[in-house]
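Only one structure is covered here, and it is reproduced in the block below.
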Amino acid sequence: MADFDFDAVVVGAGAVGLACGHALSRRGLAVAVLEQDVAIGQGVSSRNSEVIHGGLYYPTGSLKARLCVEGRRRLYAFCDAHHVAYDRCGKLVVATTADELARLEAIYDQAQANDVEGMERLTRAQALAMEPELACEGALLSPQSGVFESHAYMLALQGEIEAAGGAVVLATPFEAATPLEGGGFSVAAGGAEPTTLTCRYLVTAPGLSAQAAAARIEGFPPALIPQGHYGKGMYFRLAGKAPFQRLIYPPPIPGALGTHYRRDLGGQGVFGPDLNFVDELDYTVDPAAADGFYRYIRKFWPSLPDGALSPDYAGIRPKIHGPGEPQPDFRLDAQDVHGLPGLVALFGIESPGLTSSLAIGEEVAARLGL
């Protein structure tokens, strides 16, 4: 067996890359996680809702359905074991008009198919008893949904990798990879001290640069690299007391879950994200977008005061579908897809990628035959 510098190299130290590194470390592999930024979790992982999703919506049998439910169960246990703060506050999916009630029924049926625990249908009166400020015609309760401290989670994953003898190497961008005769890869890494590493397994999980990373792997078929799209979502923060204890979600919009409410772990109310497809990484929040937020939020919270919303932050999602196209499944492409042994390339890991991350790591390990 050839000698390698590391058993596995993972590209990207966001939540999913770190979870992949963690899964490989648990199997006794020496892992290096390469991160182009100067800190972990600075990309997609730093600009999301920090929601732990129940797994309600995703098509039966999809990776999103299976890995979200499995990942959520693993995530709460991991947070307990590593003292990562979370609030299993539950979520209400609300119908703000009578004609949305049928959509709730379809979501309930999908959640049952996806093995989501504890789902309840609520009448208008039952929903208002839980959340008196709410306006709705009916709701679903997902008691397993919550919010958590995602950066503390990523730090715990990094700690696990390092405790197992692995390394999370910052300010070290992935430049290229070349398959070696006899198996494995030579990986070129840039940064202040460019270096070349050899590894038996390579996992690319760099979020927004997934397509660029795949294109720099010698022998990766260009036709199999999905076109990437930037899905920008803006968030607005609420001044004053948070109106709801639970997450509040209207039914999903095409291509995303839509603008929702959450009470963060600091007790403040936050609304977002909306969805706009953009051509570049622009994280500005347009104050003028508040008008649309007020209109949308008042469907389920009519007493939202004027002037109560302030621009907070924006995130960009690594979508592999464009405007008006159906939302595809996660892509965890292994040898059976691209023909390169020892490689798994991840594409389109947007929501519920954070919730699914531990299960994605396990699935990646399985696809490597580990």
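The values are calculated or read from the model by the stated rules, or taken from the named source; none is laboratory data. Remember, it's a predicted structure, so these values are computed and weren't measured experimentally. Note: ideal-geometry Cβ built from the backbone for every residue, glycine included; neighbour counts use all protein chains shown.
List of remarks:
- Within the stretch 144-182, the set of residues being within 18 Å of S357 (Cα to Cα) and in a strand (DSSP E or B) comprises G146, V147, F148, V168.
- Failed condition for L141, given (1) buried (at least 22 other Cβ atoms within 10 Å of the Cβ); (2) in a strand (DSSP E or B): (1)
- Within the stretch 307-324, the only residue that satisfies the criterion of being in contact with a Ser or Thr (Cβ under 9 Å, 6 or more places away or on another chain) and either among the charged types (D, E, K, R) or surrounded by fewer than 17 Cβ atoms within 10 Å (Cβ to Cβ) (or both) is R317.
- Count of residues meeting criterion [in a strand (DSSP E or B) and more than 24 Å from L134 (Cα to Cα)] in the stretch 236-278: 3
- In the stretch 183-210, residue nearest to G342 (Cα to Cα) [restricted to those that are touching a helix residue (DSSP H, G or I) at 6+ places or on another chain (Cβ under 6 Å) and part of a strand (DSSP E or B)]: V203
- Among residues of the stretch 51-83, those that are surrounded by fewer than 20 Cβ atoms within 10 Å (Cβ to Cβ) and assigned to a loop (DSSP other than H, G, I, E, B), counted: 5
- Applying the condition of being part of a strand (DSSP E or B) and without any contact (Cβ under 8 Å) to a residue 60 or more places away in the chain to the stretch 91-126 and asking which residue is farthest from the chain's Cα centre (by Cα) yields T123.
- In the stretch 325-370, the qualifying residues are those that are free of Cβ contacts under 8 Å to residues at least 40 places away in the same chain and charged (D, E, K, R), and the one that is surrounded by the fewest Cβ atoms within 10 Å (Cβ to Cβ) is D336.
- Selection count where residues are among the small types (G, A, S) and surrounded by fewer than 14 Cβ atoms within 10 Å (Cβ to Cβ), scope the stretch 114-138: 3
- Residue tally, condition out of contact with any Gly (no Cβ under 7 Å at 6 or more places or on another chain) and assigned to a strand (DSSP E or B), over the stretch 279-315: 5
- Verdict on Q42 being in contact with a Pro (Cβ under 7 Å, 6 or more places away or on another chain) and under 30 Å from P311 (Cα atoms): no
- Some residue of the stretch 53-67 being closer than 23 Å to A210 by Cα, hydroxyl-bearing (S, T, Y), at pLDDT 95 or above and not assigned by TED's automatic domain parsing to the domain that holds A256: yes
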